[in-house]
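Below is one structure, written out as structure tokens; comments come after it.
The values are calculated or read from the model by the stated rules, or taken from the named source; none is laboratory data. Quantities reported herein were computed from a predicted structural model and do not represent experimental measurements. For neighbour counting, all protein chains shown are included, and Cβ atoms are generated from backbone atoms with ideal geometry for every residue, glycine included.
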Amino acid sequence: MERNASSSISAIKNVTVLGAGIMGSGIVQVAATAGYKVKVYDFHQKALENCKITIKGSLARFEKKGKVAREESEKILENIIYENDFEKAVAEADYVCEAIPEILELKKETFRKLDEICDPKTILATNTSQYSITSIASTTKNRERVIGTHYFNPVVIMKLAEIIKGLETSDETLEKTIKVNETFGKQVVICKKDTQGFITTRLTAIQRAEAYRILEEGIATAEDIDKAMRLAFNHPMGPFQLGDFAGLDTGVRALKSLEQTYGERFKPSQTVERMVDAGLLGRKVGKGFYDYGEQKCDK
């Protein structure tokens, strides 16, 4: 399972991941597995503790399946530093991947701070599923080193990384980001235009929006719609399972943003909006379209 950082990107040795939630934890693990020294930053100490538990548990499962040796797991864990001081976390980074909540203003403020602290050659990547890379980069002076890297949950299993160029992203930044992600074990696709929703979010969101409408119109149950998508189209999850897994609040924010750009076809249903209002956000709280009881997960 272990991969070593390619000599062609030897200048990138230190990786920092901002955000210790589900996505951040997965990015940390694949980066540490690739042989990078990784710092993970989160404002909340509890989030860092949960991140450590999550990564240890993930590696233990890989060990049990024979995909990684115990010695390799220990080496991966040694590559990770948990940090709740923002400046310490990013000051020496060669490559920063932001994986904080999908709130545009929060991301823009984070990149403004990164631009002030990091070396001008440090690549600044945002793990956003929908927001404009150009808009996020607008708060920085060195906009050519800002790029989008959209990962998929669970990051340690899913093979794809969608890479998005901002209007001013340099070709060098793109090339280095591709190579870094290949050492993470990812196959990449390039979104050549910085458009709302990129490639994958537009495709999944329109499918999910239609599934919500089918449910709201009383045509079928969530269970049968999910079953149809799994068995007819070989999807590993149906749209309601996937929505619960990713977080219904995140999904509604994505749909509303896409609706502003592309119109009514992305409008979220009233049902899912009311569920978000009621705090029924999916697996992370234990209940969404399905009831997960004690199987909830922190995000």
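Only residues that are buried (at least 20 other Cβ atoms within 10 Å of the Cβ), among the charged types (D, E, K, R) and closer than 17 Å to ILE103 by Cβ were counted in segment 241-273, giving 2. As an exercise: evaluate ALA161 against (1) free of Cβ contacts under 8 Å to residues at least 12 places away in the same chain; (2) under 27 Å from VAL30 (Cβ atoms) and give the number of the one condition it does not meet. Among (1) free of Cβ contacts under 8 Å to residues at least 12 places away in the same chain; (2) under 27 Å from VAL30 (Cβ atoms), ALA161 violates only (1). With respect to (1) under 25 Å from GLN241 (Cα atoms); (2) assigned to a helix (DSSP H, G or I), the lone exception for VAL156 is condition (2).
Residues checked against (1) assigned to a helix (DSSP H, G or I); (2) more than 30 Å from LEU59 (Cα to Cα); (3) touching a strand residue (DSSP E or B) at 6+ places or on another chain (Cβ under 9 Å); (4) not basic (Lys, Arg):
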residue: LYS176; (1), (2), (3), (4): yes, no, yes, no
residue: THR201; (1), (2), (3), (4): yes, no, yes, yes
residue: TYR212; (1), (2), (3), (4): yes, yes, no, yes
residue: GLU223; (1), (2), (3), (4): yes, yes, no, yes
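Within segment 51-73, residues that are surrounded by 12 or more Cβ atoms within 10 Å (Cβ to Cβ) reach partners that are of a type in the set (Asp, Glu) and part of a helix (DSSP H, G or I) with beta carbons closer than 8 Å, at six or more positions or on different chains, in the pairs ALA69/GLU63; SER73/GLU63. Of the numbered criteria (1) surrounded by fewer than 17 Cβ atoms within 10 Å (Cβ to Cβ); (2) without any contact (Cβ under 8 Å) to a residue 40 or more places away in the chain; (3) in contact with a helix residue (DSSP H, G or I) (Cβ under 9 Å, 6 or more places away or on another chain), the one GLY238 fails is (1). Taken over segment 178-227, the criterion of being within 14 Å of HIS150 (Cβ to Cβ), buried (at least 17 other Cβ atoms within 10 Å of the Cβ) and either more than 19 Å from the chain's Cα centre (by Cα) or in contact (Cβ under 8 Å) with a residue 40 or more places away in the chain (or both) is satisfied by PHE184, LYS186, CYS191, ASP194, GLN196, GLY197, PHE198, THR201, ARG202, ALA205. Residues in segment 122-138 that are modelled with pLDDT of 95 or more and either part of a loop (DSSP other than H, G, I, E, B) or buried (at least 24 other Cβ atoms within 10 Å of the Cβ) (or both): THR122, ILE123, LEU124, ALA125, THR126, ASN127, ILE133, ILE136, ALA137, SER138. When TYR212, TYR292 are screened for being under 24 Å from ASN50 (Cα atoms) and aromatic (Phe, Trp, Tyr), only TYR292 passes.
Find the residue count for segment 139-151, including only residues that are out of contact with any strand residue (DSSP E or B) (no Cβ under 9 Å at 6 or more places or on another chain) and either in a loop (DSSP other than H, G, I, E, B) or under 15 Å from GLU98 (Cα atoms) (or both). The total comes to 2.
Among the numbered conditions (1) surrounded by fewer than 15 Cβ atoms within 10 Å (Cβ to Cβ); (2) closer than 22 Å to LYS186 by Cα; (3) without any contact (Cβ under 8 Å) to a residue 60 or more places away in the chain, the only one that LYS37 does not meet is (1).
If you check THR169 against the conditions, is it crowded, with 16+ Cβ neighbours inside 10 Å and in a helix (DSSP H, G or I)? No. Could you check segment 255-288 and list, in sequence order, the residues that are over 22 Å from the mean Cα position of the chain (by Cα) and in a loop (DSSP other than H, G, I, E, B)? GLY263, LYS267, SER269, ALA278, listed by residue number. Selection of segment 226-250 for residues being touching a Gly at 6+ places or on another chain (Cβ under 6 Å), under 19 Å from GLN270 (Cα atoms) and in a helix (DSSP H, G or I) yields GLY243, ASP244, LEU248.
Please find, within segment 139-155, the residue that is surrounded by the most Cβ atoms within 10 Å (Cβ to Cβ) out of those that are more than 28 Å from PHE62 (Cα to Cα) and under 18 Å from the mean Cα position of the chain (by Cα). If you could, list the steps in order and put the result at the bottom.
Step one: filter segment 139-155 for residues more than 28 Å from PHE62 (Cα to Cα), giving 139-148.
This time we only want the ones that are under 18 Å from the mean Cα position of the chain (by Cα), so: 146-148.
Details: VAL146: 28, ILE147: 24, GLY148: 26.
Within segment 139-155, the match that is surrounded by the most Cβ atoms within 10 Å (Cβ to Cβ) is VAL146.
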